[in-house]
1. In the range 97-120, what count of residues is obtained for those that are open to solvent by less than 20 Å² (accessible area, probe 1.4 Å) and charged (D, E, K, R)?
2. Is it the case, given these coordinates, that Arg136 is open to solvent by 50 Å² or more (accessible area, probe 1.4 Å), of a type outside the set (A, V, I, L, M, F, W, C) and assigned to a loop (DSSP other than H, G, I, E, B)?
3. Tell me, please, whether a residue that is part of a strand (DSSP E or B), at pLDDT 95 or above and either among the hydroxyl-bearing types (Ser, Thr, Tyr) or closer than 28 Å to Pro67 by Cβ (or both) can be found in the range 186-202.
4. Across the range 202-213, which residue is surrounded by the most Cβ atoms within 10 Å (Cβ to Cβ) among those that are out of contact with any helix residue (DSSP H, G or I) (no Cβ under 9 Å at 6 or more places or on another chain) and more than 12 Å from Tyr163 (Cα to Cα)?
5. Cβ-Cβ below 9 Å, separation at least six or inter-chain, first residue in the range 222-240 and farther than 24 Å from Glu111 by Cβ and polar (S, T, N, Q), second exposed (fewer than 15 other Cβ atoms within 10 Å of the Cβ) and modelled with pLDDT of 85 or more: which pairs?
6. Please state which of the following conditions Lys160 fails to meet, knowing it meets all the rest: (1) part of a helix (DSSP H, G or I); (2) more than 20 Å from Ile58 (Cβ to Cβ); (3) open to solvent by 40 Å² or more (accessible area, probe 1.4 Å); (4) not hydroxyl-bearing (Ser, Thr, Tyr).
7. Failed condition for Ala217, given (1) open to solvent by less than 40 Å² (accessible area, probe 1.4 Å); (2) within 23 Å of Ile91 (Cα to Cα); (3) in a helix (DSSP H, G or I), with all others met?
Amino acid sequence: MLGDDEVHVWRATLDKTPSQIQGFLHSLAADEHVRAERFYFERDREHFIAARGVLRAILGSYLHRTPENLSFCYNAHGKPALAGESDDDAIRFNVSHSHAVALFAVTRGREVGIDLEHIRFDVAVAEIAERFFSRREIATLRALPTETQRQAFFRCWTRKEAYIKARGGGLSLPLDQFDVSLAPGEPAAVLSTQGDPSEASRWSLHELTPAPGYVAALAVAGHAWHLTRWQWPEPSQHSV
């Protein structure tokens, strides 16, 4: 069951056996088959198939439908939704995966976004921050000890991505037009937004720790909700 005051986050690993990949493939729609074939590397293709297959299995369990009988639609910026589910209490979801780990956020009647990143050491974090982050975020990042800056960069990036994914507008909302927290020990939050001072107060941010070497964030509309964490396929709680 999924109440309207609940957010469920599922974690799954995407390294699957060939037979599991084939099973997931049979549950995908024609457009998902086309997207899968666009991947150059087989590992990336299999991770995409597994992520979509697990998503269908998870959503099917809430809706009491078989995975292959689910249909998705997409808004103008590519955010997916369940086709035909437009009621105020309809299930909403979001997905993110990096390397072999995936996170799936599921809610009812409220927008949600999730982002997951593997902490990479081949990324020029200072240069990317200067290009995409807000002035406040850049100043905060520069003020941190060098050894904590990379973690803080990915913390900031996932929080910003989760927020824009929850809003569903894609990069029509520039990353430097709002501020999020990023300093170690600072609660996850949208601190301010340009153009609409009340916008930040509409959203909750939550930091997730899905696996060593990963950073993740969850953005949810509103504040009166509680989080439950699951590991797919077993419904046993796991810290994420």
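1. Looking only at that region, the number is 1.
2. Taking the combined requirement at face value, the residue does not satisfy it.
3. No - not one qualifying residue is present in the range 186-202.
4. Pro210
5. Here the result reads Gln237/Thr228; Ser239/Thr209, each pair linking the range 222-240 to a residue that is exposed (fewer than 15 other Cβ atoms within 10 Å of the Cβ) and modelled with pLDDT of 85 or more.
6. The failed condition is (3).
7. So Ala217 meets the others, but not (3).
Table: residues versus (1) more than 26 Å from Lys16 (Cα to Cα); (2) among the acidic types (Asp, Glu); (3) touching a helix residue (DSSP H, G or I) at 6+ places or on another chain (Cβ under 7 Å).
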{"position": "Arg45", "(1), (2), (3)": "no, no, yes"}
{"position": "Phe48", "(1), (2), (3)": "no, no, yes"}
{"position": "Arg52", "(1), (2), (3)": "no, no, yes"}
{"position": "Cys73", "(1), (2), (3)": "yes, no, no"}
{"position": "Asp88", "(1), (2), (3)": "yes, yes, no"}
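The values are calculated or read from the model by the stated rules, or taken from the named source; none is laboratory data. None of these values were measured; they are calculated from a predicted model. Glycine also receives a Cβ, built like all others from the backbone with ideal geometry; neighbour counts cover every protein chain displayed. Surface areas here come from the heavy atoms of the whole protein model, side chains and all, with no ligands, DNA or RNA. Shrake-Rupley method; radii C 1.70, N 1.55, O 1.52, S 1.80 Å.
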